[in-house]
1. May I ask you to list the residues in the stretch 277-311 that are small (Gly, Ala, Ser) and surrounded by 24 or more Cβ atoms within 10 Å (Cβ to Cβ)?
2. Being in contact (Cβ under 8 Å) with a residue 40 or more places away in the chain, of a type in the set (A, V, I, L, M, F, W, C) and more than 20 Å from Gly177 (Cβ to Cβ) is the filter; apply it to the stretch 1-33 and report the residue that is surrounded by the fewest Cβ atoms within 10 Å (Cβ to Cβ).
3. What tally of residues in the stretch 280-289 results from selecting those that are in contact with a Ser or Thr (Cβ under 8 Å, 6 or more places away or on another chain) and near ligand 1 (Cβ under 9 Å from one of its atoms)?
4. So, in the stretch 126-142, exactly how many residues are hydroxyl-bearing (Ser, Thr, Tyr) and closer than 16 Å to Glu86 by Cβ?
5. Is there any pair linking a residue in the stretch 354-378 that is more than 13 Å from ligand 3 (Cβ to nearest atom) to one that is modelled with pLDDT under 95 and of a type in the set (Asp, Glu), with Cβ under 8 Å and at least six apart or on different chains, and which?
6. Before we move on, is Asp412 under 30 Å from Ala129 (Cβ atoms), surrounded by fewer than 22 Cβ atoms within 10 Å (Cβ to Cβ) and among the acidic types (Asp, Glu)?
7. Pick out the one residue from Lys212, Lys267, Lys258, Lys224 that is surrounded by fewer than 16 Cβ atoms within 10 Å (Cβ to Cβ) and either in the same structural domain as Thr158 (by TED's automatic domain parsing) or in contact (Cβ under 8 Å) with a residue 40 or more places away in the chain (or both).
8. For Ser277, work out the one condition from (1) within 30 Å of Lys476 (Cβ to Cβ); (2) away from ligand 1 (no atom under 16 Å from the Cβ); (3) among the hydroxyl-bearing types (Ser, Thr, Tyr) it doesn't fulfil.
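The values are calculated or read from the model by the stated rules, or taken from the named source; none is laboratory data. Every value quoted in this text rests on a predicted model; they were computed, and no experiment measured them. As a convention, Cβ positions derive from the backbone with ideal geometry for all residues, glycine included, and neighbour counts pool all protein chains shown.
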Amino acid sequence: MEFSIKVRGPEKTRQACVVVGVFESNRLSTAAEAVDRASQGYLSRILKRGDLRDKAGATLLLHGVPGVAAERVLLVAMGKQDGLGERAYRDALRAALRVLSEIGVGQATLHLTELEVKGRDAAWNAEQAVMAALAEAYRFDRMKSEPAKDLPKLKTLTLAVAGRAQVKSAEAAAARGRAIARGMHLAQDLGNLPGNVCTPTYLAEQAKKLAKEHGLKAQVLERKDMEALGMGSLLSVAKGSDEPPKLIVLHYNGGVRKAQPVALVGKGITFDAGGISLKPPGDMDEMKYDMSGAASVLGTLQAVAELKLPLNVVGVIPACENLPSGRANKPGDIVKSLSGQTIEVLNTDAEGRLILCDALTYAERFQPAAVVDIATLTGACVIALGHATSGLLANDDGLADELLAAGQASGDRAWRLPLFEEYHDQLKSNFADMANIGGRPAGTITAAAFLSKFTEKYPWAHLDIAGTAWRSGKEKGSTGRPVPLLVHFLAGRAGQRRDGVKDAPTAGSQLVGT
Ligand code: BES
Ligand code: MN
Ligand code: ZN
């Protein structure tokens, strides 16, 4: 799909469809007013009949509007005029794009993007519009014997902005929106693929392919390499499965050579049956999504490479399956992590932290400026924050604030939970340095507290995406989150570090010895 930005009014250009907004009680937007004027009041006469409902996202398609060059005018209800909010704007975008794909037009101009959304600018509007258009065009039909036939035919989408001054920033935002959407689609494809296709080996192949296509450097550590390093925790999870584990490392070097990289560490459990602490069968199929953290790392790296962001990023993906077998971890087993700390595996279903801890220790060797891990880590996070918001925990306030802001800016939000000392008490073990579970209370926090024992050497944040990475029910599927948050975070970092000089550690940072 092609995107372009324009300033001109909706009535003059000859095209298949123009999309204009109408506020509650038939108040016309500037673009709708222009259509109304050109058609000598035709629009207001139609609206008086009450066919367009008030609720944001309602639509009314008009053909052959007099005085207007476009074949069709699509009216979209935007809700209240004063204080058009993000939610209403996005609902309206989605509804408009749905209609455009249903009627099968090849080209259209969106005037919704020139509206004023509370607290947002033209760039944000354009980025969201591009993302909505590409999301509407996403299908996962690879595993069907016939490809989807309902693909939108939209080839060119023009986005209107209110004035010349906004064209440049809207263009940049459209490019970012496209890179984010493509990164999300990569993450969604990987998430939606079943466990028998998307194995650790498959993830490693996809990483190599990504590296080849985008000039990244890929390295894959095999079981024997991990044994030599001493990744006893990660390998203890992997040994319950016949699929060989992989530790995937990807380098994107867009910054100067001496600039410390940001490391993204993604949980890559390609299927989580729970191991000997077997999960109940209902919905167990959804545990194919347990590699969504890994998928978001790949999707983000692709976007960052497409945008040529001037910074260095390392992706680290521990990948394996968590299955029960005669060789699997048993409750009570004690394993030794790469850090040297020993772990009592009281529940084999708390496997994410067991593979992440070794990957987080491994990340030390890159002397990262910051490390963010992304994981479908706890069911408790779904209970705490639902499906709208990712959980965020961090040992560094500056980094946490950057991620919160990136979530806010991208509309892919996170919310911070505390990591107070007290929570570590729940992880005490009589037999090893720590247990891998902390009981029912504060399950998301104790999981992060466990990880924090492996991240003391750098500023670190953890995103628990158990609730946000996929949808269940009728619309079951991967969401591609938190790629938007991560791309915004890295774009912010790239902006701050154009000179390649590393920032002083922020207050509360635990950066030592690098
Ligand atoms: N992958 C799951 C977390 C999960 C559960 C994500 C449900 C999405 C929906 C993780 O490996 C897991 O099983 N966590 C356990 C931890 C518990 C044993 C301490 C959980 O959340 O139940
Ligand atoms: Mn599990
Ligand atoms: Zn898991």
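1. Keep residues of the stretch 277-311 that are small (Gly, Ala, Ser), which gives 277, 282, 292-296, 299, 303, 305.
Ser292, Gly293, Ala294, Ala295, Ser296, Gly299, Ala303, listed by residue number.
2. Within the stretch 1-33, the subset in contact (Cβ under 8 Å) with a residue 40 or more places away in the chain is 1-8, 10-24, 27, 29-32.
This time we only want the ones that are of a type in the set (A, V, I, L, M, F, W, C), so: 1, 3, 5, 7, 16-20, 22-23, 31-32.
Among the residues that remain, those that are also more than 20 Å from Gly177 (Cβ to Cβ) are: 16-18, 20, 22-23, 31-32.
Values: Ala16: 18, Cys17: 23, Val18: 30, Val20: 29, Val22: 27, Phe23: 20, Ala31: 26, Ala32: 25.
Among those that are in contact (Cβ under 8 Å) with a residue 40 or more places away in the chain, of a type in the set (A, V, I, L, M, F, W, C) and more than 20 Å from Gly177 (Cβ to Cβ), it is Ala16.
3. 3
4. First pass over the stretch 126-142, keeping only residues hydroxyl-bearing (Ser, Thr, Tyr): 138.
Narrowing the set further to residues that are closer than 16 Å to Glu86 by Cβ leaves none.
Number of matching residues: 0.
5. The qualifying pairs are Ala369/Asp503.
6. Numbers: under 30 Å from Ala129 (Cβ atoms): yes; surrounded by fewer than 22 Cβ atoms within 10 Å (Cβ to Cβ): no; among the acidic types (Asp, Glu): yes.
For Asp412, the condition - under 30 Å from Ala129 (Cβ atoms), surrounded by fewer than 22 Cβ atoms within 10 Å (Cβ to Cβ) and among the acidic types (Asp, Glu) - is not met.
7. When all the criteria are applied, what remains is Lys258.
8. With respect to (1) within 30 Å of Lys476 (Cβ to Cβ); (2) away from ligand 1 (no atom under 16 Å from the Cβ); (3) among the hydroxyl-bearing types (Ser, Thr, Tyr), Ser277 is out only on (2).
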